[in-house]
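We did not get these values from a lab; they are worked out from the coordinates using the rules stated. No experiment lies behind these values; they were computed from the predicted model shown. All Cβ positions, even for glycine, are placed from backbone atoms using ideal geometry, and neighbour counts span all protein chains on display.
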Amino acid sequence: MRMPSFVNKVSVPAFSYSVTREYPYKWFTPVAIVGGILLTVLFSAINFYSTAYTMVTTTTPYRESFLSRRWPRYIPDIFTSKIQPWCEPSVIPAHSYFNTNQSGLTYELFSVEGEDFSTAALNYSGGSIDECAVEELSIRFETSNSRSPVQMSTSDWEVTVSSFITCRIEEHQVLLITRYGPMSTDIMDSKGSLPLGFYGHLSEGQLSMPTPGLYWAEQLSKAFWLETLVAITNETIQESAAGTAASRYNLSSGFITLYPRSDSQGMDMKNESFFGYVEWAFFDQARGQRYMGSSYDEGIIGLGRNKSWPNVWSQVDRLGKAMVSTNYRDLGQWQLPSQANMLSTPESLRYWTANFSTILAQSPNWLMERWPLSTFDDMEEEFFVTDLLNITTSSIITTYMCQEPVLKSWANVIVSILVADLVFLRAAWSLYNLIVGYFLKSRHPDANICEDCLARKKEEDSLAKQPTTTNTIASTDISEQDIEMKHLPAQRPSAGQYESTQSSLTHRNEESQSLLEVEERHATNDTGPSVVRTSPLGS
């Protein structure tokens, strides 16, 4: 049976939203607002640092300067850990060449401790060069072997000095070799297998303004190299009967090897016993003769006093000490005592440059013109004293493969941040409601159902418990319409803030229809007199 509508349906504009329960927490809205603002800032920061930058590969020789562009410390690492600039270690193979940041000599990485000799390599990350010690110096003499006509026309002899140095570089014990010989750096006849400047100071051609320390290192090395060159030339010529000069024994090559004492790093450079063990050999290839010897007890100073042939021992001693001082300064060994380096104090420089005038007087004019010398005076003392006393640590100059963060276009950054923020804020809001609802149900179970819902439930229960209405209708002759209207529940309390007018009417219509259905069921099951229902409203 269809229940007719009580009133005409009227379209009433209304705004409605669902309310499942009443929240007893007054802090819910303020927390939602403040938390939303804070979460927006947090999510924006996370999205910015995670999506706004892309890592780009680049190469640079300035590793420390590159890494100094790291994000400030006040930004948490959780944001910047993946967008920090970083560099891979530079691989320096054995038998390759490098320079230090002092820009002095060129060094060859001869070996790395614990690595295979043929495949050894140093993984270098910009650390300092520490604990260096010159283990051996070899001064080599050449006449015609391996020399070009240009070099032979310049001088009968060529002198080169080599240093064998052990150092610790980033927990690796390495062996370095460096050489010095101004004549071997002739641009017209440079050795193709070696880098330009390998036998000389880079300050000559590559530094327009060399540091004072390296300038005087070059002056001392050049002066004592020139002194040794003149000495070996004078020792190996002899006057013939015709009055012409000829090489004594017709020597073609030779070497003198110097070994510093184990405690040499604490010794004064003026000490004549700085080099403890000496060995030498000279060769006459035309006759197949060789002249060899060694001295441990007397050392190099004893050979000089005895004027053992060839009498170049004093000159070789000064050249070796100049090379050691240059090595220690170029490798940044600032911790050594000042007396263990010729370049440490103005007094030391004045002492070692005092005989430059004698060296120049003994040298041929063409040598003085090509390699001029300077002496240290009082005016230069004021200018150079600060730099000479401050030896800085050294590091290897090499190229690093690095990655740096580069900011994307602002349009892409803003769009990606907005989209990500919306997703995160939606998830945060759902989680917030879930948590508050969970604690609300457990601590305030009476808030699970609204008051109006409970009132309506009680009325429905009371109607279900009332006696059968069929007999009442038959005895009182009350029309069904009146009964229906009288048995309708009383008007509910006003709920204007929850429902619109149209929704209230619709609800009452549904309750009336429910009541009639209940009465029909009672009439069917009742064995009393039958009742004829009439409805003035019609079926």
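For the reader, a short list of remarks on this structure follows.
- Note on the range 288-302 and the range 248-270: Cα centroid distance 10 Å, given to the nearest whole angstrom.
- 11 Å beta-carbon shell around Q335, net charge (K/R +1, D/E -1): -2
- Net +/- balance of residues flanking I139 in space, Cβ distance below 14 Å, scoring K and R +1, D and E -1: -3
- Sorted fewest first by neighbouring Cβ atoms within 10 angstrom, H172, H95 come out as H95, H172.
- Of the peptides 284-294, 259-269, the order by per-residue mean of other Cβ atoms within 10 Å, starting with the highest, comes out as 259-269, 284-294.
- For the range 61-126, the set of chymotrypsin sites (Phe, Trp or Tyr not before Pro) satisfying both a DSSP loop assignment and a count of at most 15 other C-beta atoms within 10 Å is given as Y62, Y74, F117.
- Scaled radius of gyration (Cα, divided by 2.2 N^0.38 Å) that the range 276-365 gives: 1.36
- In terms of surrounding Cβ atoms within a 10 Å radius of their Cβ, T100, T59, T392 rank from fewest to most as T59, T392, T100.
- Sorting M55, M342 by the number of Cβ atoms found within 10 Å of their own Cβ, with the fewest placed first, yields M55, M342.
- Annotation for M292 and K458: the two label points, set 7 Å from Cα along the Cα-Cβ direction, are 12.2 nm apart.
- Summarising the label geometry, the points placed 7 Å from Cα in the beta-carbon direction at Q362 and S68 lie 4.8 nm from one another.
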